[in-house]
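Below is one structure, written out as C-alpha cells; the observations come after it.
The values are calculated or read from the model by the stated rules, or taken from the named source; none is laboratory data. No experiment lies behind these values; they were computed from the predicted model shown. Using ideal geometry, Cβ is built from the backbone for each residue, glycine included, and neighbour counts are taken over all protein chains shown. Ligands, DNA and RNA are excluded from the accessible area calculation, which covers all protein heavy atoms including side chains. Shrake-Rupley method; radii C 1.70, N 1.55, O 1.52, S 1.80 Å.
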Amino acid sequence: MNSSRISETIIEYTFYALFFLVPLIWLPVTSELFEFNKMILVYFGASIILTAWLVKTVSEGKFVYKSTPLDIPILLFLAANILSTIFSIEPHTSIFGHYSRFNGGLLSTISYIVLYFSFVTFFDPPAGRAGTEKVLRSLKFLLLSSTIVAIYAILQHPTPLFQNPDGSWRGIDAGFWQQDAEARAFSTLGHSNWLAAFLSMVIPMAAFFLLLAKKTWEKALSTVALIVLFLAFTFAYSRGASVGFVGMLLSALFLFLFTFKSDIKKFSQEKDFSKIKPRFRPPNTGFFLTILLVAWALILLLFGNALVSRGLNLEAIRATGDTQLATSGPETGRIRLIVWRGAFDIFKNYPLLGSGVETFAYSYYQHRPVEHNLTTEWNFLYNKAHNEFAHYLATTGILGIGTYLFLLSTLSLLVLKYLNQKLDKWKKIFIVLASSGLVGFHVQNLFGFSIVPIALLFYLTTAFIFVVVEDIKKVVLPLNIFRNRYLSLSGRFLAVFIGLSLITSVSAMWLADFFYNKGLSSPSYAASYDNLKTATRLRPDEPLYKANLGLVTMHLANDLQGREKKEKIAESFSYLNFATTTSPENISLWRIRLQAIYNLATSDPRYTSQVVATAQIFAALAPTEAEIQYNLASMYVFAQDFKKAQQQLEKVVALKFNYLDAWKLLFQVDSQLNDKVSKKAHFKKFKNYFPDQADNKEFLERHEIN
C-alpha cells in the first residue's frame, strides 16, 4: 500500500474515532473533566488528518481539495475571527479560548474548519460509491457513541436499581459528582443543557436510519435507539434544548411538507381508504413510527418535560426595581436578559470586531449591568453570553456576527435549493433531517452556547449535506517540485515533522493541564510548586499556570528567612508579573495576584501599598461587581485607610443593597472613624433593607449601634 492510500485510510479512521470518542471522553485527572479532554481530542484528530493530507499531497505531487458552495462564507467567518483575535483585548484567550471552556477560541475554529474541508474532500462520493457509505458509517459510529451516552444519562436518573440506605431511589453515580446528579442527567457531556443540546442534534440522524432501514431488525433497533435517546433527553430537563427540540420538529415537518407536498397530494388522491382491508404484513416503517410516537408520549406522560416540570418564574422575569429583583426568587431567564443587555453594551463599545474572540469573561465585567448584583448568580463569572448570537455580537462585533449569519443564511438557501432538485428520495430525507437538527441547534443556542461535541456536529453535519448532495467541485493545484524523487522524500519527512510537532504540542497542552490540576490539589505547597513548575515548563505561554505558581511560591517564601526569602519573593513576583502582563484584562489572574501579595503583606507591612494598588486595578476591571468592589474596601481596611474604606463601602452597598457583609464592615469602619453621623445615616438605610437585623439587640451591640 503506497503512502497516498495509507494517508486516506488514516484520515477515514481518524474521523470515525472522532465521531465515537468525542461525545464519550472525560477524564478525572484534568482541571476540567469534560470540555478540555474533548477539545484536546479534536486537536489530535485535526493534527493527524492535516498531517496525512500533507503527506498525500507531497506523495502525489499535487494538492487536491474539494470545494463546496459554503467555502466563501466559512472563510469569511474565519477571517472575521482572525481579525477579532488580532485586535482582541486578550489575544491569548482569543487564540486558545477561555480556560474553563476552551471551545470557541481561534484554534478550535481553525480545527473545525480543517475537519470540514477534510471531510468533504475525502468522503466525496464522486471518488467512488464508497463516499456515501463512509458518511453512513460515520453516522453509525456517532449513533453508537450517543446511545452509550444516553444509557449513562438514564442510569443517572433515580431508579430502583440503585437505592440509598433508607430505601429511596438514586442515580448510578449519586454522590460522586459535586453537582446534583439525581436532579438532572448530564452523562459524559458535563452539564444537563449540553447533554440535551447534543441529543437534540443526534435524534434526527437516528430517525434517518429508521426511515432508511429495510430489514425489520434494523427498524426495531433504530426505534429502540430513538426511545433511549429521547428518554435521556427528557431526564436532562433542559428548557433551552426543549425549545430547540420543538424548533427541530417544526422545521422537519415544514421541510417534509415543502419537499414531498406533491407526493402527499398524489397519494391522498389515488387512495380510497374506505376500501382498504386489513391483512397480515411484516411490520413496516409506519408501524415502528407509531411505536416510537407512543413511547415518546408515554415518556412525557410519566416523566414530564423541562418546560412543564421546571416551568418559568414569570414574576421573577418581570421583576423590576432593586427590592423586587432581589426578592422575586431565582430565575435563569431573568439573569439571561441582564447578561444579554451587558453583551449589547459590549458591542456598542467594540462595534466592528468586538472585544475579541472568547473575551466575554473580561469585557462583561466592564459593562456588567448593576442589576446583576441582585440576582442569585451575582458573584458568578460569566464567560459566555448564554446566547450564541449575542456572544458573537459582543466578542467579534458586526463583522463576526455578520459573517456567521451570512454562513447560516447561505446554508439555508442551499438546503431549499437542493430540496427542489431531482434527487433520490433518501437523499432528500437526509437533507430534511440533517437541516432540522441544525435548526434545533441554533434555536437552543438562543438560550445557550456551543460546546465541543455540538460545535463539531455543526461543521460536520453541514459537510454531510454537501457530500450526500454531491455539490462538490474538485480543485487540483499541481506541485511539480515534488515530482523530483529526493524533494518528494524530503517533503514527506517535512510533513511528518510538522505533524509530529503538532501532536507533540497538543500532548504538551494536555500534560501541562494534568500537572496544573495536580498542583492545585497537592497536599503541600512544596508538591504544588513542583507540579506547577512542570506545567509551566510544558506550556510557558499560559499565564494561568504562572499566576498560580506565583501564589504557591509566595506561600513558600513566607516560611523562609533572610536571603532565601527575598529570592523566593522575587521569583514569585516574576511569575505574577508575567501573568498579569500577558493577560492584563484577565480578572482571575488579578484575583490570584491580590491573594499572593496580601499573604506576603500580612507578615511584611512594606508590601501593604502594593496590596492596595493591586486591589485598585482589580476593582477598575469590574466597576459594577459588588464582591470585587468589596475586596477593595477590605484592602483599604487592611491598610488602615478607613476614610477610603468608608467611601468604597458606601459604593458597594449602593451596588448591592442586600450585601450584609458589606454593611457589617461599613459599621465597623464608622466606629473606627468615630463617625456617628455617618453611622446613623447608614443604619437608617440598613434598617429599610434588613428590618429583622435592625431589631436584633445582639447585632446592634456587636456593631456599637445605638
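At an R0 of 51 angstrom, the distance between the Cβ atoms of E218 and D71 translates into a FRET efficiency of 0.90. Think of a 1.4 Å ball rolled over the protein heavy atoms: region 467-575 then has 55 Å² of accessible area per residue.
Counting each DSSP H run of 4 or more residues in the chain as -39500 (n - 2.57), what helix-only mean residue ellipticity at 222 nm follows after dividing by all residues, to the nearest 500 deg cm²/dmol?
Rounded to the nearest 500, it is -23500 deg cm²/dmol.
Once you mark the GluC sites (Glu not before Pro) that are in a DSSP loop and have at most 15 other Cβ atoms within 10 Å, what is the longest gap between them in the chain?
Details: sites that count: E377, E470, E704.
That gives 1-376 as the longest site-free run.
At a Förster distance of 41 Å, what's the computed FRET efficiency of T376 paired with L136, Cβ-Cβ distance as r, to 0.05? It comes out at approximately 0.30. Cross-link partners for K518 among the lysines, with Cα-Cα distance under 22 Å and sequence neighbours closer than 8 places in the same chain left out: K38, K533, K546, K568. Note on surface exposure: F209, F493, F63 rank F493, F63, F209 by accessible area, highest first, 1.4 Å probe.
Quick one: compute the contact order of region 623-684, relative version, from alpha carbon pairs under 8 angstrom and 6+ residues apart, as a percent. Let's see the in-between values first.
Numbers: 52 pairs, mean separation 17.8, N = 62.
Here the relative contact order equals 29 percent.
With protein chains left intact and a 1.4 Å probe, residues in region 583-671 average 37 Å² of accessible area per residue. Model label points for L337 and L298, set 7 angstrom from Cα along the Cα-to-Cβ axis, are 4.1 nm apart. Seen against the Cα atoms of the chain and their longest principal axis, helix 587-601 is set at about 30 degrees. Applying both filters, DSSP loop and at most 10 other Cβ atoms within 10 Å, to the trypsin sites (Lys or Arg not before Pro) of region 335-438 gives K422.
For Y365, neighbours were defined as the other residues whose beta-carbon sits under 9 Å from its Cβ, and their charges (Lys and Arg +1, Asp and Glu -1) total -1.
Once you keep just the Cα pairs under 8 angstrom separated by 6 or more residues, what percentage relative contact order results for the chain? So the answer I get is 17 percent. When each of the peptides 461-469, 223-231 is scored by the mean number of other C-beta atoms lying within 10 Å of its residues, the order from highest to lowest reads 461-469, 223-231.
Run the accessible area of region 379-496 with a 1.4 Å probe and give the carbon-and-sulfur part as a rounded percent. Walk me through the numbers on the way to the answer.
Working: 3210 of 4890 Å².
So the carbon and sulfur contribution to the accessible surface is 66 percent.
With a ≥ b ≥ c the root eigenvalues of the C-alpha gyration tensor of region 535-646, is it rounded (a/c under 1.5), prolate (a/b larger than b/c) or oblate? In terms of gyration-tensor shape, oblate. Cβ-Cβ distance of K261 and S501, R₀ of 51 Å, FRET efficiency by 1/(1 + (r/R0)^6): the value works out to about 0.40. Roughly speaking, to the nearest percent, how much of region 23-162's 1.4 Å accessible area is carbon and sulfur? The C+S portion of the solvent-accessible surface of region 23-162 is 75 percent.
In this Cβ point-charge picture (+1 for Lys and Arg, -1 for Asp and Glu), region 329-384 has a dipole of about 100 debye about its Cα centre. Against the longest alpha carbon principal axis of the chain, how many degrees, from 0 to 90 and to the nearest 10, is the axis of helix 130-156 turned? Its long axis makes an angle of about 50 degrees.
Principal-axis analysis of the Cα atoms of the chain puts helix 425-444 at an angle of about 10° to the longest axis. Sort region 489-584 into rounded, prolate or oblate with this rule: let a ≥ b ≥ c be the square roots of the eigenvalues of the Cα gyration tensor; rounded if a/c is under 1.5, and if a/c is not under 1.5, prolate when a/b is larger than b/c, oblate otherwise. Prolate, since a/c reaches 1.5 and a/b exceeds b/c. Each residue of region 401-417 is assigned a 3J(HN,Hα), and the resulting list reads 5, x, 5, 5, 5, 5, 4, 5, 5, 5, 4, 4, 5, 5, 4, 4, 4 Hz, derived from the Karplus form 6.51 cos²θ - 1.76 cosθ + 1.60 (θ = phi - 60°), x at Gly and Pro.
Per residue, region 383-422 exposes 39 Å² of solvent-accessible protein surface, assessed with a 1.4 angstrom probe and all protein chains in place. So which lysines pass the test for K644, namely a Cα distance under 22 Å, with those fewer than 8 places away in the same chain ruled out? Within the straight-line cut-off, K644 pairs with K656, K664, K676, K679, K680, K684, K685.
Measuring nothing but protein heavy atoms, the accessible surface of region 598-678 at 1.4 Å probe radius is 49 percent carbon and sulfur. The stretch between N688 and K474 holds 69.7 nm of extra length on full extension. This uses 0.36 nm per residue minus the Cα-Cα distance.
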